[in-house]
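Data block below; observations after.
The values are calculated or read from the model by the stated rules, or taken from the named source; none is laboratory data. Predicted, not measured: the structure shown is a model, and the values here were computed from it. Cβ atoms come from the backbone with ideal geometry, glycine included; neighbour counts cover every protein chain shown. Just the protein is used for accessible areas: all its heavy atoms, side chains included, with ligands, DNA and RNA removed. Shrake-Rupley method; radii C 1.70, N 1.55, O 1.52, S 1.80 Å.
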Amino acid sequence: MFCAAAEAARLPGRFKRALPLRARSPSPAPAMRPAFAVGLVFAGCCSNVIFLELLARKHPGCGNIVTFAQFLFIAVEGFLFEADLGRKQPAIPLRYYAIMVTMFFTVSVVNNYALNLNIAMPLHMIFRSGSLIANMILGIIILKKRYSIYKYTSIALVSVGIFICTFMSAKQVTSQSSSSENDGFQAFAWWLLGKYSIGALTFALLMSARMGIFQETLYKQFGKHSKEALFYNHALPLPGFIFLASDIYDHAVLFNKSELYQVPVIGVTVPIMWFYLLMNVITQYVCIRGVFILTTECASLTVTLVVTLRKFVSLIFSIWYFQNPFTLWHWLGTVFVFIGTLMYTEVWNNLGARKSQPHEDKKK
């Protein structure tokens, strides 16, 4: 994988000479951190999807209580270990975090509500894989960026893949409704506009991309403080959950009424929904910690590739374990999405450069 040492290996000769010896030959311990982070991402994020679907299948509207529990856990952990009980001053002014938090909170809530709008978990994951599209579109509009034909092709593949999965899922919803008398296209339009599921996901996708661009500009101005941003992104929105208090309370009552479950090893008996929620929160924390280590140890290409492959593994497991309906058209759309994503990261070009590097070194 292309981490800090690999990036240094591709620097021009004059920069290589300027690097200290340990930068060119990292010790074994730091070299293990990326592998450890990848393990955290796959173990944490993939298992998090499992517990999220277990929660959503029993209570589809439980997104708010799940998000609140995740935010509270990460905020408490950050307050203790990052903010040093409030004694440490933030490196980035709080007014910028307030803007970022507004975007972050909105994206989280809208994504959760999308699960309530008759959308399957696999389709939810596939659609969110279109973040590359949103980032490219906003990058062109806001940052005036220009991209190669290769990357535009990847965007087209991802777009086609998302459309295929969306349209086929809409037809499935139509076929499951015996009272529907509309044809396929009318049902698709009603599902798209009337139930707001795709509109909600599109809004969240664009808002998330805008937040990423805003965060990128902040890091350029104030330096990278990913762990600090993680804390404030989860701590500052907590008062906003007051507006969702009744919904959170209602689902807490429903969780209390769920069947009892004896937790392995410790032998404590709790309502099973609370156990699912606890495991979801823990795995979410493991996932985010893994992504944080990757962003500090590896190039952005590696982070994007790992997260994309994690989504694919989560998708496959969700379909297999939960027996979600998935046709050949869904598979075709999935292939388009992930091939397009890998094309965007230019992983094949970088792998080729990686393989040719030893031959170039021998010639020198």
Please verify whether the stretch 137-146 includes one or more residues that are open to solvent by less than 70 Å² (accessible area, probe 1.4 Å), over 24 Å from residue 335 (Cα atoms), modelled with pLDDT under 70 and assigned to a helix (DSSP H, G or I).
no
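So which of 56, 75 is in a helix (DSSP H, G or I), of a type in the set (Gly, Ala, Ser), modelled with pLDDT of 85 or more and touching a Cys at 6+ places or on another chain (Cβ under 7 Å)?
Going through 56, 75 in turn, the sole match is 56.
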Take the conditions at pLDDT 75 or above, surrounded by fewer than 17 Cβ atoms within 10 Å (Cβ to Cβ) and under 23 Å from residue 214 (Cα atoms) and apply them to residue 149. Does it pass?
no
Can you work out which of the residues in the stretch 37-61 that are among the hydrophobic types (A, V, I, L, M, F, W, C) and within 16 Å of residue 272 (Cβ to Cβ) is surrounded by the most Cβ atoms within 10 Å (Cβ to Cβ)?
52
Counting just the residues of the stretch 202-218 that are β-branched (Val, Ile, Thr) and open to solvent by 50 Å² or more (accessible area, probe 1.4 Å), which one comes out modelled with the lowest pLDDT?
202
Count of the stretch 81-109 residues which are part of a helix (DSSP H, G or I) and surrounded by 11 or more Cβ atoms within 10 Å (Cβ to Cβ)
16
Please find, among 350, 324, the residue that is modelled with pLDDT under 80, surrounded by 15 or more Cβ atoms within 10 Å (Cβ to Cβ) and not in a helix (DSSP H, G or I).
324
Leading residue by the ranking (farthest from residue 58 (Cα to Cα)) among those in the stretch 219-257 that are surrounded by fewer than 16 Cβ atoms within 10 Å (Cβ to Cβ) and β-branched (Val, Ile, Thr)
242
Could you please tell me which pairs satisfy a Cβ distance under 7 Å, a separation of 6+ or placement on different chains, a first residue in the stretch 51-64 that is under 20 Å from residue 105 (Cβ atoms), and a second residue that is open to solvent by 20 Å² or more (accessible area, probe 1.4 Å) and acidic (Asp, Glu)?
64/247
Result of the Cβ filter at 6 Å on the stretch 250-265, keeping first residues that are without any contact (Cβ under 8 Å) to a residue 12 or more places away in the chain and partners that are polar (S, T, N, Q), at least 6 apart or interchain, is 262/269
